[in-house]
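Before I ask anything, let me first share the structure, which is written out below as structure tokens.
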Amino acid sequence: MISSTSRHARGLCTLLLLIVPQVVFAVELDMREGVTAMSQDIHWLHTVMLWVCIVIGIIVFGAMGYTIVAHRRSKHPEPANFHEHLGVEIVWTLIPVLILAVLAYPAAKMLSEIEDNSDAALTVLITGSQWKWHYQYLEHDIGFYSNLSTPREQINSCGGWLLADTFCELPDGDSAAGKAERDANEHYLLEVDNPLVLPSNRKVRFLTASNDVIHSWWVPDFAVKQDAIPGFINEAWTNVPKTGTYRGQCTELCGKDHAFMPVVVEVRTEDEFDQWIEDQRIAKELASGQAVADREKTWTLAELKSIGEGVYLANCATCHQPNGAGQGTTYPALDGGEIAIGPMAAHIDRVMNGKAGTEMQSWAPQLSDRDIAAVITYERNAWSNQPDDNIVQPLTIFEYR
Amino acid sequence: MVAHAEHIPHRSGLAAFLSRWLLTTNHKEIGSLYLWFAFLMFFIGGALAMGIRLELFIPGIQLIAPGFYNQLVTMHGLIMVFGAVMPAFVGLANWQIPLMIGAPDMALPRLNNFSFWILPFAFSILLSSFFMEGGAPNFGWTFYAPLSTTYGPDSTDFFVFGVHLMGISSVLGAINIMVTIFNLRTPGMTLMQMPLFVWTWLITAFLLITAIPVLAGAVTMVLTDRHFGTSFFSADGGGDPVLFQHIFWFFGHPEVYIMILPGFGIASQIIPTFARKKLFGYNSMVYATVSIAFLSYVVWGHHMFATGMPLAAELFFMFCTMLIAVPTGVKVFNWVATMWRGSMTFETPMLFAIAFVILFTIGGFSGLMLAMVPADFQYHDTYFVVAHFHYVLYPGAIFGTMAAVYYWLPKWSGHMVDEWWGKLHFWTAITFVNLTFFPMHFSGLAGMPRRIVDYSHQFQDFNLISSFGAMGLGLTQVLFLFIVIKTIRGGEPATDKVWESAEGLEWTIPSPAPLHTFETPPPWPISETEAHEGAA
């Protein structure tokens, strides 16, 4: 940094730069305390358990350490001859039983509170699917999907640290720029397009379910982790006293993009929440008006293609790749693909209904008529694809429904 | 491991080599085959782990695409559990149980040959799935439905077949061990006089023959759900995905103890030898092991607290799981009491055995924390769990196996292990094992889920340390391979007794152990004079 700095000092600085980040995280060594009464109780239980283990550890390892030092052959050449003692053995069987009994009581009590789902003011149905969450406010008839919003360029860039860039044969272009953006992104992988919005100070009941495989919905700061299981509905609840944004992730392996299924919850004051619900209701009405207008209009190829590209990159590119090349037989290529250049009816059917038993899901409930028409049109005109019937109007999709 | 030409039909070259190793029914040769096979699988599984850790060095996807990452995670688990740890323990059993109970061989030698030679086929099938269309199994070694049923790749069927084969191998091996222990003990040796390694293996064999068929049932149900129209694990047809987890973990939890009980036995052999003092509380060691085995059948639910289990079941599984701490504690206290006021030296096997006790206990502590259901909601499926089971498996099962190899290799090869190299291996291994796995506690507590290919910045520092540690740990085990080969090829000749105050029948035979031992049952108990002659 200074011109006179010797090579050694510079070396030392580099070393410090390597070490310092590892010292700074000292505050992050423990479980997160969270913000709800439940998460703080659990943190307390965790702390008690940790200290019980540490104390037992100190006693046992202390005894071992002492005997290793004091009873080595150089200091203690003649071994003693004892090899059983009923009294001692009974004592060190009973003491752990007592410790465990004392620990079991608060844990059991806490558990019965956690499992009490009664008297909720609001119920949210959380449905997992590969790889997004669907939130529905059952009392308000509002629902939306929540997708990862971190751009793919940030995820798929190497930026040459430790591993050479030659390893990075990724389709997304400038890897150094992507890495810089990733490093600057405080909420990398923990950000979504539409967060779940909840009121503070109200008991909220969560129902979890799934459309495909098992997922698990987790927000560490609430201490809520509940599996979302296809065909069954699970319950959990929280009551968040503090407004703010809380982040978590899917915690059950759910396929390829398990790492890219974050949970983001925005907790607002009760008034702000009620206002938000009202806004959502109005937005829903506007959207349905817009949907009518969309299907009455006859769209040009260029219009649909440009909308479709955005829809494709957000929803389809993670499997079929931005260049339509797919990934092996599991995620077929769309560039020159059987469906994408085949009959239009089959293409619409595949996008609307998905393919059973694969990660190709039904997009009918997730996307609007316009977006589905746009993405199909895009797929039939992108890359080298040039089938004869290359455009579909939102009205066709509406009628298909 | 020395060639015994007089026993081999007169052939030359490849034919002789094949007929010796393919057709052998000798427990020592089969033991060596098992151990070398486990060693190979340990390196393959380790290479997959290196791939995982390379990808996790820093945030972002650098090397490994998400789909392939899941294949690595799955195959790493399957190969380490079924290919490395279990065959290594069976190999040790093959070598040592007949020597320790004074038997001429295993009771069912041809079955022994068969149960080994199934394994290379099982793992060739499993590993070949990497080269199939759609890739290797990618649903985790726990293969939860419906990820493995409706959504599994085509290679899932090969996985099912591979698991069946290794299951048959394990059950046949376990039957052989039980029959040997019950029938071939030298006259006069009662069950309560058997060495602890034999005891723990007897109990492990019972766990194997009861747990493995449940696994076979689970994979068969996966197969029929995939191809024959059943709906065991699909709610669409009236089944239940959670049923899969109940069945899997009903196998899976005893499996956990299958992978650690022989390690308990090894520590119970080694610590008394180098403390020059009898094992403290032999009877309570046996009873503790039996109680752990019984409890292992009633705690499977603790893997499933987040699946929406009713309160009563959560309480039951929590209390039962906590109870396991009691017999496990007894074992640890007994080992410490064995060392207490002994006259200890710290040769390589003793160092590994002490590390086993300490680091396994740390894994036990985190296990106790995981048992508390409310806290488990925060720990479940995070790196805290990854840290926990790697602490019981790596410094537990694998260090236990290494301790056993250092302890008995002089008997097998006739050469002492070079202590300088052994200690170098020990100190590097213990440094890197902690560097790899201890930070995982912290990343888990900070909220990092397991089995993710990419993570947010807050987990970066711990992952960096873990990845550095893992690279070092991988290299360390190349050192182990070098030491084993070096010892087999030469070194200071071992005495019959090898270790100054070792006790047991295996130390009364020459080093290296001749191909055939105890053709007439040895006298029991070993007379004092004989024991002293061995020391001389």
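Per DSSP helix of 4 or more residues, -39500 (n - 2.57); summed, then divided by the residues of chain A. What does that give at 222 nm, rounded to the nearest 500?
After summing the helix terms and dividing by the residues of chain A, the value is -14000 deg cm²/dmol.
Using the 10 angstrom Cβ neighbour count as an exposure proxy, how do B:453, B:85 rank, fewest first?
By the 10 Å Cβ count, ascending: B:453, B:85.
What translational diffusion coefficient, in µm²/s and rounded to a whole number, does the Stokes-Einstein relation yield for the stretch A:297-400 at 25 °C and a viscosity of 0.890 mPa s, taking the hydrodynamic radius as the Kirkwood radius over Cα pairs?
183 µm²/s
Find the centroid of the Cα atoms in the stretch B:280-309 and in the stretch B:199-218, then give the distance between the two in whole Å.
Using only Cα atoms, the two centres lie 14 Å from each other.
Given points 7 Å out from each Cα along the Cα-Cβ axis, report the residue A:85 to residue A:269 separation in nanometres with one decimal.
6.6 nm
Could you give the distance between the Cα centres of the stretch A:73-92 and the stretch A:199-274, to the whole Å?
Rounded to whole Å, the Cα centres lie 54 Å apart.
Along its principal axes, what span do the Cα atoms of the stretch B:161-307 show, with the longest given first and each in whole Å?
Answer, in whole Å and largest first: 63, 33, 21 Å.
Looking at this model, which pairs from A:109/A:132; A:225/A:284; B:277/B:486; B:278/B:497; A:203/A:256; B:28/B:331 are more than 25 angstrom apart at the alpha-carbon? Show your work: numbers first, answer last.
Values: A:109/A:132 34 Å; A:225/A:284 30 Å; B:277/B:486 31 Å; B:278/B:497 17 Å; A:203/A:256 34 Å; B:28/B:331 30 Å.
In this structure, A:109/A:132; A:225/A:284; B:277/B:486; A:203/A:256; B:28/B:331 lie more than 25 Å apart at Cα.
Which angle between 0 and 90 degrees, to the nearest 10, do you get for helix B:156-183 versus the longest principal axis of chain B when only C-alpha atoms count?
So the helix axis and the longest Cα principal axis differ by about 30 degrees.
Now a separate question. Cut-off is 10 Å between beta-carbons; in what order do A:396, B:74 appear when sorted fewest neighbours first?
By the 10 Å Cβ count, ascending, the order reads A:396, B:74.
Still on this model: Just from its helices, what would the mean residue ellipticity at 222 nm be for chain B, if runs of 4 or more DSSP H residues each count -39500 (n - 2.57) and the sum is divided by every residue, rounded to the nearest 500 deg cm²/dmol?
Result for chain B, helices only: -22000 deg cm²/dmol.
Treating the angle as unsigned and between 0 and 90°, give the value, to the nearest 10°, between the Cα long axis of helix B:27-55 and the longest Cα principal axis of chain B.
30 degrees
At a Cα cut-off below 20 Å, give the aspartates and glutamates reachable from residue A:75, other chains included and same-chain residues fewer than 8 away excluded.
Answer for residue A:75, where 20 Å is the Cα cut-off: B:347, B:500, listed by chain and number.
Which of B:24, B:431, B:186, B:401 comes first, and how do the rest follow, when ranked by fewest Cβ neighbours within 10 Å? Mind showing how you got there, number by number?
Working: B:24 21, B:431 14, B:186 18, B:401 25.
Listing B:24, B:431, B:186, B:401 from fewest to most nearby Cβ atoms yields B:431, B:186, B:24, B:401.
Taking Cα pairs under 8 Å and at least six residues apart, what relative contact order does chain B come out at, in percent? Please list the in-between numbers first.
Details: 851 pairs, mean separation 90.9, N = 536.
It rounds to 17 percent for chain B.
How much length, in nm to one decimal, is gained on full extension between residue B:489 and residue B:419, taken as 0.36 nm per residue of separation minus their Cα-Cα distance? Walk me through the numbers before you get to the answer.
On the way: separation 70, 0.36 × 70 = 25.20 nm, distance 1.55 nm.
Once the chain is fully extended between residue B:489 and residue B:419, it gains 23.6 nm.
Can you tell me the convex hull volume per residue for chain B, based on C-alpha atoms, in Å³ to the nearest whole number?
Taking only Cα atoms, chain B has a hull volume of 150 Å³ per residue.
Compare A:142, A:229, A:214 in a GNM of chain A, Cα atoms joined below 10 Å, and give the one with the largest fluctuation.
Judging by the Gaussian network model, the answer is A:142.
Determine which aspartates and glutamates satisfy two conditions relative to residue A:305: a Cα distance under 17 Å, and not lying fewer than 8 residues away in the same chain.
A:294, A:335, A:369, A:371, A:379, A:388, A:389
Evaluate 2.2 N^0.38 Å with N set to the residue count of the protein assembly as shown, then give the Cα radius of gyration divided by it.
Dividing the Cα Rg of the protein assembly as shown by 2.2 N^0.38 Å gives 1.02.
Shifting gears a bit: Residue B:192 to residue A:29: FRET efficiency via 1/(1 + (r/R0)^6), r the Cβ-Cβ distance, R0 41 Å, to the nearest 0.05?
0.30
What does the C-alpha gyration tensor say about the overall shape of the stretch A:234-295? Classify as rounded when a/c is under 1.5, otherwise prolate if a/b is larger than b/c, or oblate.
Since a/c reaches 1.5 but b/c is at least a/b, the shape of the stretch A:234-295 is classed as oblate.
Right, next: Tell me whether the stretch A:33-89 comes out rounded, prolate or oblate; compute the Cα gyration tensor, take square roots of the eigenvalues as a ≥ b ≥ c, and use a/c under 1.5 as the rounded threshold.
Taking the square roots of the gyration eigenvalues as a ≥ b ≥ c, the stretch A:33-89 is oblate.
Loop only by DSSP, 11 or fewer other Cβ within 10 Å of the Cβ. Give me the chymotrypsin sites (Phe, Trp or Tyr not before Pro) in the stretch A:254-291 that pass, ordered by residue number.
none
Helix A:7-24 against the longest principal axis of chain A: what's the angle in degrees, Cα atoms only, rounded to the nearest 10?
It is inclined by approximately 90 degrees.
Quick check on chain A: what does the Kirkwood estimate of hydrodynamic radius come out to from the alpha carbon pairs, in Å? Provide the component values of the computation, followed by the final result.
Working: mean 1/r = 0.0383 Å⁻¹.
Value: 26.1 Å, from the Cα pair sum.
Just need the relative contact order of chain A here, percent rounded to a whole number, with Cα pairs under 8 Å and 6+ apart.
Details: 585 pairs, mean separation 50.0, N = 401.
Relative contact order of chain A: 12 percent.
Over what distance in Å are the Cα centres of the stretch B:25-89 and the stretch A:348-401 separated?
Here the answer is 42 Å between Cα centres.
Rule-based calculations on the coordinates, nothing more; no lab input. Please read all numbers here as calculations on a predicted model, not as lab measurements. Note that we place each Cβ from the backbone using ideal geometry, even for glycine, and neighbour counts take in every protein chain shown.
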